Structure formats: structure tokens, C-alpha cells
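Colleague: Got a structure for you, questions after.
No lab work stands behind these numbers, since they all come straight from the coordinates. If you're wondering where the values come from, they're calculated on a predicted model, not measured in any experiment. Positions of Cβ are generated from backbone atoms using ideal geometry, with glycine treated the same way; all protein chains shown enter the neighbour counts.
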Amino acid sequence: MVRNIDLRSDTVTKPSQEMRQFMMEAAVGDDVMKEDPTVKKLEKVCADLFGKEAALFVASGTMANQIAILTLCDSGDQIIVHDQSHIFNLEVSGLVCTCQVQPRAIPAPNGEYALSDLVDHIRPRAIQEAPTKLVCFENSFDLNRGLALPPETLQPAVRLAKEKNLQTYLDGARIFNTAVALKTDLDALCQDMDAVAFCLSKGLGCPIGSVLLGESGFIKEALRMRQRLGGGWRQAGILAAAGLYALENMIDRLETDHENAKFLADHLVKLGLQIEIDQVQTNIILINTEAIPTSAGEFCAKLEDLGVLAKPVRPQAVRMVTHYGIDRDDLLSVIETIKTCL
Ligand SMILES: *Cc1c(COP(=O)(O)O)cnc(C)c1O
């Protein structure tokens with residue numbers, strides 16, 4: 001059977017043999033009783049890496065986001081989010097149904113809030129108003145583009161939030177892609193964020209897992225919220241071991257994914273596809289299919305028949321993501337396949 005080349009997401013990465021070996025050999029215990037040594041080690045390593053006091057290993061990025069909001073906000077608070085963010089669009093109304101907060105979604109086309117918008121939406125606790133408690137950020141920004149936002153892009157809004165005594169939260173599902181792309185330290189990217197989360201299960205190639213970080217008091221309460229959501233787990237060290245392996249071995253190689261994304265994007269542009277090349281900053285390519293006669297869905301279906309998987313993300317836009325397991329030869333055959341399709 002011919003292998004599909006799967007560019008739908010970096011979540012399709014499978015753990016390497018070495019990672020599996022590491023998982024198999026992990027020391028484990030009951031993590032709800034805080035007795036899993038490998039989970040404890042992962043949490044300590046992550047806290048140190050990000051310059052935060054403490055960390056909590058959780059099942060998914062979505063769970064990390066929900067736990068963070070539940071911990072930082074009270075029912076009826078307002079939180080400010082990007083209108084294109086994962087937390088606002090792709091978490092099954094969790095902000096409303098689970099966290100009971102009112103999201104105020106602000107357009108920030110390239111991940112940067114306009115300060116005047118922020119000021120307008122910071123509301124006091126008043127007879128008719130939901131008090132604003134938290135400002136959310138995302139980096140890399142937009143799961144269909146993966147923009148790497150440098151610290152100075154986020155700083156003005158973060159500083160404003162702090163001046164107004166608001167909390168700040170960074171959904172850093174792909175923060176390592178940003179850090180590698182910009183050659184920036186994680187603590188610089190997370191400066192003045194009260195809480196941060198990142199995914200182990202995307203470009204870092206782990207089967208499962210995300211990590212939430214913040215002050216000790218925050219993590220202590222986040223642990224209770226994880227339990228409330230049914231996220232207390234037992235011998236989770238098997239999964240934490242994958243995380244520890246990834247932090248040692250899978251970060252630097254993200255550079256290859258980024259180079260591959262640029263390589264692919266450059267070639268697709270030469271084939272006449274429309275891509276904003278300056279927005280190919282990490283491992284994600286967004287192709288505008290308006291110029292070709294088929295819809296994004298039809299285009300992807302044609303590619304799939306030829307063994308290439310891509311994701312239609314809007315009626316006229318297709319996403320391709322490079323990741324561990326995709327090499328230059330794969331990309332050359334993707335380019336050939338697309339040439340055939342066009
Ligand atoms: C993938 C992603 C999430 C959710 O992570 P899951 O592990 O799939 O739940 C959250 N935020 C962003 C920006 C993401 O890209």
C-alpha cells in the first residue's frame with residue numbers, strides 16, 4: 001500500500017521507537033495521589049524551562065485552556081480573547097458552558113490587539129456590566145497560519161492588562177515553534193503571563209499531553225479544576241515520559257519543519273498557488289484557493305485520491321502543516337501531486 005503523506009496537522013505525528021522505549025521504562029505511581037515520579041519530574045522540568053513556579057500535566061491543550069480560565073476567573077466575569085483564537089472558536093463553547101465566563105472577542109488579524117480596543121473592553125464591576133478579569137493571548141498565533149509573535153509584539157497589551165490589574169493567559173499550544181523560529185527564550189515569550197500552556201502532542205511528537213504553568217497557588221487550584229473536569233489520572237508517568245523525551249530531543253528539530261514549510265510554500269507559489277509567504281513563519285502554510293477553479297474541499301479530495309492529505313479550513317483556504325515524519329522527498333512528491341491536480 002502506498003503511504004499517505006499527511007499534512008493535515010502536526011497532531012498526526014506518531015511517537016518514535018526511542019520515545020516508546022522511554023515510555024516503557026518510565027517509573028510510575030498514582031498521580032492523583034501525587035505519587036507518580038515521572039509526572040513530577042516533567043512538571044519540575046517544565047516549570048524551570050519556562051521560568052514559572054509550578055506546572056501541571058494535563059490531557060490536552062483544550063483541557064489546559066479550560067482549567068486556566070476556570071482557575072483565573074469567576075462565573076460571570078468577562079474575558080478578552082482574539083476573535084480567531086482556538087479558545088474562542090474550537091473549544092465547544094467551553095468558555096460559556098464550563099467556565100461560565102463571557103468572552104469578548106476582539107479582532108486582531110495578526111495576533112496583536114489594538115490597545116484602544118482593549119481599553120474599550122476593559123469594564124468595571126457595575127450594575128449592568130460583566131467585570132473584565134483576563135486577557136488571553138495565543139502564540140504561535142492562529143492555528144491556520146502559525147505566526148511567530150515576538151515578545152515586543154505582545155508586550156504593549158500585556159503591560160496594559162497589568163496596569164489595569166487584569167490577569168494574562170497565553171495559549172502557547174505551539175510556543176516551541178515560535179521560540180525556535182524567533183530564536184527567543186521561552187521566559188521572554190511568557191514574560192508577565194500569569195499562566196501559560198503548551199502542547200506536547202503537536203510538533204513535539206508525543207501521543208498525548210499538554211502542560212499548564214504558573215505560580216504555585218494557581219497550579220494548586222488548577223489541580224482541583226483538573227479533577228473537577230475528570231482529568232485526574234493515575235499512572236500518567238507513561239505519558240509524561242514521552243514529554244520528557246520530547247523536551248530533550250524534539251525541540252531543535254522543529255527548525256527542520258519550518259525550513260520544510262518554507263520550501264514547500266516557495267514551490268507551491270511557483271506552481272501558481274496563492275500563499276502569503278511572509279506569513280509562513282513556522283510549520284503551517286495557508287493556501288488561498290480562490291484562484292483555482294475548485295473549492296478547497298474539492299481540491300483536498302483530489303489530493304487525497306493521490307495520497308496527499310491536506311485540510312480545507314475555509315471554503316477557499318487549505319492548510320498544510322509540516323512535522324516530524326515528513327521529509328524533503330515527501331515534499332517533492334507533494335509538489336508533483338499538486339502539479340498533477342492543477
Ligand atoms: C491545538 C490547539 C489547542 C488545543 O489542543 P488539543 O490538545 O488539541 O486540545 C489549543 N490552542 C491552540 C492555539 C491550538 O493550536
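Colleague: Let me check against my output: what whole-number percent is the relative contact order of the stretch 183-342, with C-alpha pairs under 8 Å and at least 6 apart?
Modeller: Contact order relative to length: 17 percent.
Colleague: Specify which residue in the list Leu332, Phe176, Ala265 is farthest towards the positive end of the charge dipole of the chain, using unit charges on the beta carbon of Lys, Arg (+1) and Asp, Glu (-1), about the Cα centre.
Modeller: The listed residue farthest towards the positive side: Phe176.
Colleague: With point charges of +1 on the Cβ of Lys and Arg and -1 on the Cβ of Asp and Glu, referenced to the Cα centre of the chain, which listed residue (Leu49, Gly230, Thr38) lies farthest in the positive direction of the dipole?
Modeller: Working it through, the farthest residue towards the positive pole turns out to be Gly230.
Colleague: I need the per residue convex hull volume for the chain, using only the alpha carbons, in cubic angstrom as a whole number.
Modeller: Cα convex hull per residue, to the nearest whole number: 138 Å³.
Colleague: Right, here's the next one. Need the full-extension length gain, Glu248 to Glu129, defined as separation in residues times 0.36 nm minus the C-alpha distance. One decimal, nm.
Modeller: 38.1 nm
Colleague: So for the chain, averaging the separation of alpha carbon pairs under 8 Å that are six or more residues apart and normalising by length, what relative contact order in percent results?
Modeller: 25 percent
Colleague: What 222 nm value per residue comes from the helices of the chain, counting each DSSP H run with n ≥ 4 as -39,500 (n - 2.57) and dividing by all residues, nearest 500 deg cm²/dmol?
Modeller: -12000 deg cm²/dmol
Colleague: Mind checking which lysines have their C-alpha under 22 Å from Lys302, skipping anything on the same chain fewer than 8 residues away?
Modeller: Lys302 reaches Lys270, Lys311, Lys339.
Colleague: Could I ask something else about it? Average the reciprocal distances over every distinct pair of alpha-carbons in the stretch 21-136, invert the result, and give the Kirkwood radius in Å.
Modeller: Computed over the stretch 21-136, the radius equals 16.5 Å.
Colleague: To continue, here is another question. Testing the spin-label approximation: label points 7 Å from Cα along Cα→Cβ at Glu276 and Ser295. State their distance in nm.
Modeller: Reported label-point gap for Glu276 and Ser295 is 2.4 nm.
Colleague: Dividing the alpha-carbon radius of gyration of the stretch 220-334 by 2.2 N^0.38 Å (N being the number of residues), what value is obtained?
Modeller: In units of the globular-protein estimate, the stretch 220-334 measures up at 1.41.
Colleague: Can you list the HN-Hα couplings for the stretch 139-147, worked out from phi with the Karplus curve (6.51, -1.76, 1.60; θ = phi - 60°), rounded to whole Hz and with x for Gly and Pro?
Modeller: Residue by residue, the stretch 139-147 yields 7, 4, 8, 6, 5, 9, 10, x, 6 Hz.
Colleague: Follow-up. Label the stretch 1-88 by shape, choosing from rounded, prolate and oblate, from the square roots a ≥ b ≥ c of the eigenvalues of the Cα gyration tensor; if a/c is under 1.5 it is rounded, and otherwise prolate applies when a/b is larger than b/c, oblate when it is not.
Modeller: Since a/c reaches 1.5 but b/c is at least a/b, the shape of the stretch 1-88 is classed as oblate.
Colleague: Another question, then. With the convex hull built on the Cα atoms of the stretch 131-203, state its orientation-averaged projected area in nm².
Modeller: It is 4.9 nm².
Colleague: Would you tally the net charge around Glu43, using a Cβ to Cβ cut-off of less than 14 Å, leaving Glu43 out, and scoring K and R as +1, D and E as -1?
Modeller: +1
Colleague: Moving on to the next point. In debye to the nearest 20, how big a dipole does the chain give about its Cα centre with +1 on each Lys and Arg Cβ and -1 on each Asp and Glu Cβ?
Modeller: Charge dipole of the chain: 560 debye, to the nearest 20.
Colleague: I want to verify a result. In a Gaussian network model of the chain, Cα cutoff 10 Å, which of these has the top mean-square fluctuation: Glu276, Glu290, Glu163?
Modeller: Looking only at Glu276, Glu290, Glu163, the biggest GNM fluctuation is shown by Glu163.
Colleague: Please report, in debye to the nearest 20, how large the charge dipole of the stretch 29-147 is about its Cα centre when each Lys and Arg carries +1 at its beta carbon and each Asp and Glu carries -1 there.
Modeller: 120 debye
Colleague: What distance in nm separates the two pseudo spin-label positions at Glu304 and Glu163, each 7 Å out from Cα along the beta-carbon direction?
Modeller: 5.0 nm
Colleague: Here's another thing I want to ask about it. Figure the gain on full extension for Gln17 and Phe263 (residue separation times 0.36 nm, minus the Cα-Cα span) and round it to one decimal in nm.
Modeller: 85.8 nm
Colleague: Which residue fluctuates the most in the chain, going by a Gaussian network model with Cα springs under 10 Å, if the choices are Gly297, Gly29, Gly272?
Modeller: Among Gly297, Gly29, Gly272, the largest GNM mean-square fluctuation belongs to Gly272.
Colleague: Looking at the chain, do any whole DSSP H helices span at least 15 angstrom along their long axis by alpha carbon and average -0.5 or above on Kyte-Doolittle, and which?
Modeller: Membrane-span-like by this criterion, though nothing is claimed about a membrane: 37-50, 61-72, 237-249, 328-341.
Colleague: Tell me which lysines have Cα within less than 18 Å of Lys133's Cα, excluding those fewer than 8 residues away on the same chain?
Modeller: Within the straight-line cut-off, Lys133 pairs with Lys162, Lys164.
Colleague: Treat each spin label as a single point 7 Å out from the Cα along the C-beta direction, and report the Cys97 to Glu255 distance in nm.
Modeller: 4.4 nm
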